[in-house]
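Asks: For reference, the structure I am asking about is given below.
Taken together, the values in this text are just the output of simple stated rules run on the coordinates, not laboratory data. Since this is a predicted model, take the numbers as computed values, not measurements. Cβ atoms come from the backbone with ideal geometry, glycine included; neighbour counts cover every protein chain shown.
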Amino acid sequence: MRVPAKTFIVGLISAVTFAVGAAPAMAEQPIEDFSAAASAVQPASPISQTLDTGGAPVLAGEQIDSVLTIEKIADVPAGFDVEAAIELAESEIGTSRPTGWSAPGECIMSAQRWIRAGGGAWTGGGDPVSNYDNATRVTLANAQPGDIIQYENIASPTSWVTGVHTVMITGVNDDGTFTIIQSNSPGGSGLVTQEEDWTPAPPAGFQAAVWRF
């Protein structure tokens, strides 16, 4: 059956209009808004953080716990008769003893002998660190007569390596230097000597640790 041209055109326009209205539109992707959820978990007002160390500012390179420890031990007295220890050490100046492992002429063995003469509880042993299990480590600025200065290797502080040495402070001079008594200096001699106007001069790779019994 032949359809009139006008009728065909009207029908075609109606079909196209229906198809366009029924087909889904290609809309942009929806954007989620999390502002409501975010406001639900945010505090009502900003919270500021503070850090109160309760003391002097930390010096460069020092840890807070180290500073606090130094502050606490600055005035810790020696727990033995310092004068008796110094008296024995001074009486041995110019004398010598055998050297070797645990021999009485070794520097640390002599220092132990002097401290123990004053009743000091030097009971540690084994290496340059565990020897001081019953002692308190102090700073050089707080060193006083009766304190022990131990040269220890920085990379391996528990090793008995060349450069390890032990002295006892017997006096603190006005210029900040010390009077010390030591044994086995020069090395291998077992000789007890005294030095005035002395300052620690550990070899390269070593540090001077100050201990108080």
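Asks: Taking neighbour Cβ counts within 10 Å as the exposure measure, how do I154, I181 sort from fewest upward? List each step's numbers first, then the result.
Replies: Details: I154 10, I181 25.
The most exposed by this proxy come first: I154, I181.
Asks: Given H placed on each backbone N at 1.01 Å, which residues far from T170 in sequence or on other chains put an amide H within less than 5 Å of it?
Replies: G146, T179, I180, I181
Asks: Can you tally the net charge around G190? Count Lys and Arg as +1, Asp and Glu as -1, for every other residue whose Cβ sits under 15 Å from the Cβ of G190.
Replies: 0
Asks: For D75, D133, what's the fewest-to-most ordering of other Cβ within 10 Å of each Cβ? Don't skip to the answer; put the middle values down first.
Replies: Numbers: D75 7, D133 12.
Ascending number of Cβ neighbours within 10 Å: D75, D133.
Asks: Would you please give the residues with an amide H less than 5 Å from that of V129, counting only those at least 5 places away or on a separate chain, with H modeled from the backbone geometry?
Replies: none
Asks: Across the range 78-89, in residue order, what do the Karplus-derived ³J(HN,Hα) couplings come to in whole Hz, using 6.51 cos²θ - 1.76 cosθ + 1.60 with θ = phi - 60° and x for Gly and Pro?
Replies: 3J(HN,Hα) across the range 78-89, in whole Hz: 5, x, 8, 7, 5, 4, 5, 5, 5, 4, 5, 4.
Asks: Still on this structure: Pop out the ³J(HN,Hα) list for the range 96-102 in order, Karplus 6.51 cos²θ - 1.76 cosθ + 1.60 with θ = phi - 60°, rounded to Hz; leave Gly and Pro as x.
Replies: 3J(HN,Hα) across the range 96-102, in whole Hz: 9, 9, x, 10, x, 4, 6.
Asks: Hey, fewest Cβ within 10 Å first, where do V138, V192, V167 land in order?
Replies: Listing V138, V192, V167 from fewest to most nearby Cβ atoms yields V138, V192, V167.
Asks: Separate question: Please compute, for the alpha-carbon atoms of the range 64-212, the extent along each of the three principal axes and give them in descending order in Å.
Replies: Here the Cα extents, ordered largest to smallest, are 44, 34, 31 Å.
Asks: Further question: In whole Hz and in residue order, list the ³J(HN,Hα) couplings for the range 144-157 that follow from phi through the Karplus curve 6.51 cos²θ - 1.76 cosθ + 1.60, θ = phi - 60°; x for Gly and Pro.
Replies: Karplus values, whole Hz, x for Gly and Pro: 9, x, x, 6, 10, 9, 10, 6, 10, 6, 5, 6, 9, x.
Asks: List the residues, sorted by chain then number, that are 5 or more residues from G190 or on another chain and whose placed amide H is less than 5 Å from its amide H.
Replies: Here the answer is N184, S185, since their amide H atoms fall under 5 Å of that of G190.
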